[in-house]
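Chemist: So that we are looking at the same thing, I have put the structure below in structure tokens.
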Amino acid sequence: MSMAIGLHTLSAVLWLGGMFFAHQVLRPVVVDLLDPPIRLQLWLGVFRRFFRWVWLAVTVLLGSGLWIIEFNLGGIVGSPMHVHYMLGAGLIMMGIFAYVYIVPYRALSNAVAEKNWSAGGAALAKIRRLVGINTIIGILVVVIATAGKYYGLPALFSL
């Protein structure tokens, strides 16, 4: 159990921390210092490396989370309500990430290869918005995960 919780927490920190850093720290500096062609090439390289880690984090988060639910909480039906919220939000975040990877990241990669800087800028803008949304959801998940049992969250549905 300690291994599952440790891996779960580490994966969440890696993913959320990376998104927060990229969105709130790196992006403003890159916008101020680099012209669009260099900026887009830099982001493509950053995403190429970061997304590998995110795929690993998503896999470990889902696997460890389901393990914790099944073997520590007695299954989803017996899980506290904050776990339901956390799982739902995590699945939404994973869906957003999969979309980012399949659609705008691929468009960014193609645009950079073709030196189509305006298309690359449009793809990067989509990624930025979606990473911003995922960062906000991720912060809420951290609050729910750490303090959710104290909030008395209402049931999403009756079983």
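The values are calculated or read from the model by the stated rules, or taken from the named source; none is laboratory data. What you see is a predicted model; the values in this text were computed from it and never measured. Here the Cβ positions follow ideal geometry from the backbone for every residue, glycine too, while neighbour counts run over all protein chains shown.
Chemist: Which of the residues that make up region 72-93 are closer than 16 Å to Ala147 by Cβ and among the small types (Gly, Ala, Ser)? If you could, list the steps in order and put the result at the bottom.
Modeler: Our first condition is that a residue be closer than 16 Å to Ala147 by Cβ; within region 72-93, this holds for 80-86, 89.
Matches in region 72-93: Ala89 only.
Chemist: Taking Ile76 as the residue in question, decide whether it is surrounded by 13 or more Cβ atoms within 10 Å (Cβ to Cβ), part of a helix (DSSP H, G or I), at negative phi and over 16 Å from the mean Cα position of the chain (by Cα). Even if it seems obvious, please write down each step before you answer.
Modeler: Values: surrounded by 13 or more Cβ atoms within 10 Å (Cβ to Cβ): yes; part of a helix (DSSP H, G or I): no; at negative phi: yes; over 16 Å from the mean Cα position of the chain (by Cα): yes.
When the stated conditions are applied, Ile76 does not pass them.
Chemist: Checking the condition surrounded by fewer than 18 Cβ atoms within 10 Å (Cβ to Cβ) and either closer than 30 Å to Ser79 by Cα or touching a Lys or Arg at 6+ places or on another chain (Cβ under 7 Å) (or both), which residue from Leu61, Leu33, Leu10, Leu26 passes?
Modeler: Testing whether each residue is surrounded by fewer than 18 Cβ atoms within 10 Å (Cβ to Cβ) and either closer than 30 Å to Ser79 by Cα or touching a Lys or Arg at 6+ places or on another chain (Cβ under 7 Å) (or both) leaves just Leu10.
Chemist: Could you list all residues from region 124-141 that are farther than 16 Å from Ile38 by Cβ and among the aliphatic types (A, V, I, L, M)?
Modeler: Result: Ala125, Ile127, Leu130, Val131, Ile133, Ile136, Ile137, Ile139, Leu140, Val141.
Chemist: Of the residues that sit in region 115-135 and are out of contact with any helix residue (DSSP H, G or I) (no Cβ under 7 Å at 6 or more places or on another chain) and among the hydrophobic types (A, V, I, L, M, F, W, C), which one is nearest to Trp15 (Cα to Cα)?
Modeler: Ala125
Chemist: Right, another one. Go through Gly88, Gly120, Gly65 for me and flag whichever is among the small types (Gly, Ala, Ser), in a helix (DSSP H, G or I), within 21 Å of Phe20 (Cα to Cα) and modelled with pLDDT of 95 or more.
Modeler: The match here is Gly88.
Chemist: Would you call Val100 within 18 Å of Met3 (Cα to Cα) and either in contact with a helix residue (DSSP H, G or I) (Cβ under 8 Å, 6 or more places away or on another chain) or surrounded by fewer than 19 Cβ atoms within 10 Å (Cβ to Cβ) (or both)?
Modeler: No: the conditions fail for Val100.
Chemist: Which members of region 48-79 meet the condition of being touching a residue at least 60 places away in the same chain (Cβ under 8 Å), of a type outside the set (S, T, N, Q) and under 18 Å from Ser11 (Cβ atoms)?
Modeler: Trp67, Ile68, Phe71 - these are the residues of region 48-79 that are touching a residue at least 60 places away in the same chain (Cβ under 8 Å), of a type outside the set (S, T, N, Q) and under 18 Å from Ser11 (Cβ atoms).
Chemist: On the given criteria, is Ile127 assigned to a helix (DSSP H, G or I), in contact with a Phe, Trp or Tyr (Cβ under 9 Å, 6 or more places away or on another chain), among the β-branched types (Val, Ile, Thr) and closer than 20 Å to Ala22 by Cβ?
Modeler: It is true that Ile127 is assigned to a helix (DSSP H, G or I), in contact with a Phe, Trp or Tyr (Cβ under 9 Å, 6 or more places away or on another chain), among the β-branched types (Val, Ile, Thr) and closer than 20 Å to Ala22 by Cβ.
Chemist: Kindly indicate which of Pro37, Pro28 is part of a helix (DSSP H, G or I), over 20 Å from the mean Cα position of the chain (by Cα) and not hydrophobic (A, V, I, L, M, F, W, C).
Modeler: On the way: Pro28 fails: over 20 Å from the mean Cα position of the chain (by Cα).
None of the other options fit; the residue is Pro37.
Chemist: Would you please name the residue that is modelled with the highest pLDDT, looking only at residues in region 123-150 that are surrounded by fewer than 19 Cβ atoms within 10 Å (Cβ to Cβ) and of a type in the set (Ser, Thr, Tyr)?
Modeler: Residue satisfying both the conditions and the ranking: Thr146.
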